[in-house]
Amino acid sequence: MGRWVWNNRGYLWTAAVIFAVGVAAGYEASDSLQQILMSQLAQIRDLAGRVRTVNDPGYTVMVIFLNNVKVALFFLLTGVIAGVPAILGVFGNGALIGFVMAMLHRQGIPVGTVLLYGILPHGIFEIPAFLLAAAFGLKLGWGWWRPKRGYTRKEAFVQGWKDAAKAAGVTVVMLAAAAVVEGTVTPYLLSRYVLRG
């Protein structure tokens, strides 16, 4: 898998940069962007509220997993539309994280602690999975437009779909691991180290 990822590093770096720009934009969000992000946060809170009422870790893991897979596959498969949905999706996810960090900072909550215990444990699987999906969504949209040397447009397009299928499989596995951690380990760490006061 290492060589496959390395051969597509340009798309991965592009996705990572867009994500980082999204984080910065979310942290310094304008009023108009804040309204959009608050709407997204409200949807997440609604989902979290429904999960809490069931109070079943297995159900929590399944809901997180299915929601994240839906988002990642959207990035990946709709990337064929010039890569635009992948760009907007990965930017939006980064912006949401940046916006939450800014809100925590304004409320005097230690951002570093929340990142360490609330995001990092599952984020080490989840964020790369989203970046991978976005990267191969970009490849679907751009790869046929500027095919590598030795490839026709048709060959590049077919190869893009083959790579997308492989990326989908890897993404699903990573998101499964992320969901297990987010549904079991992350709540414990947050209650133990962040919410204990």
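The values are calculated or read from the model by the stated rules, or taken from the named source; none is laboratory data. Only a predicted model underlies this, so the values are computations on that prediction, with no experimental measurement involved. Here the Cβ positions follow ideal geometry from the backbone for every residue, glycine too, while neighbour counts run over all protein chains shown.
What number of residues within region 19-36 are over 15 Å from the mean Cα position of the chain (by Cα) and either modelled with pLDDT of 85 or more or among the β-branched types (Val, Ile, Thr) (or both)? Qualifying residue count, region 19-36: 5. Of all the criteria given as (1) more than 23 Å from the chain's Cα centre (by Cα); (2) free of Cβ contacts under 8 Å to residues at least 12 places away in the same chain, the one not satisfied by VAL173 is (1).
So in region 136-178, with the set limited to residues that are in contact with a Gly (Cβ under 9 Å, 6 or more places away or on another chain) and among the aliphatic types (A, V, I, L, M), which one is modelled with the lowest pLDDT? The qualifying residue modelled with the lowest pLDDT is ALA156. If only residues of region 83-110 that are free of Cβ contacts under 8 Å to residues at least 24 places away in the same chain and in a helix (DSSP H, G or I) are counted, the one that is nearest to LYS139 (Cα to Cα) is LEU88. What about VAL80, is it within 25 Å of LYS139 (Cβ to Cβ) and either touching a helix residue (DSSP H, G or I) at 6+ places or on another chain (Cβ under 7 Å) or not charged (D, E, K, R) (or both)? Here the answer is yes, as VAL80 does meet what is asked. Just one of the listed residues (ALA95, ALA133, ALA102, ALA129) is in contact with a Phe, Trp or Tyr (Cβ under 6 Å, 6 or more places away or on another chain) and crowded, with 19+ Cβ neighbours inside 10 Å, namely ALA133. Note on region 136-171: among residues that are assigned to a helix (DSSP H, G or I) and polar (S, T, N, Q), the one that is surrounded by the fewest Cβ atoms within 10 Å (Cβ to Cβ) is GLN159.
Among the residues of region 45-84, those identified as surrounded by fewer than 13 Cβ atoms within 10 Å (Cβ to Cβ), modelled with pLDDT of 90 or more and within 19 Å of the chain's Cα centre (by Cα) are LEU66, LYS70.
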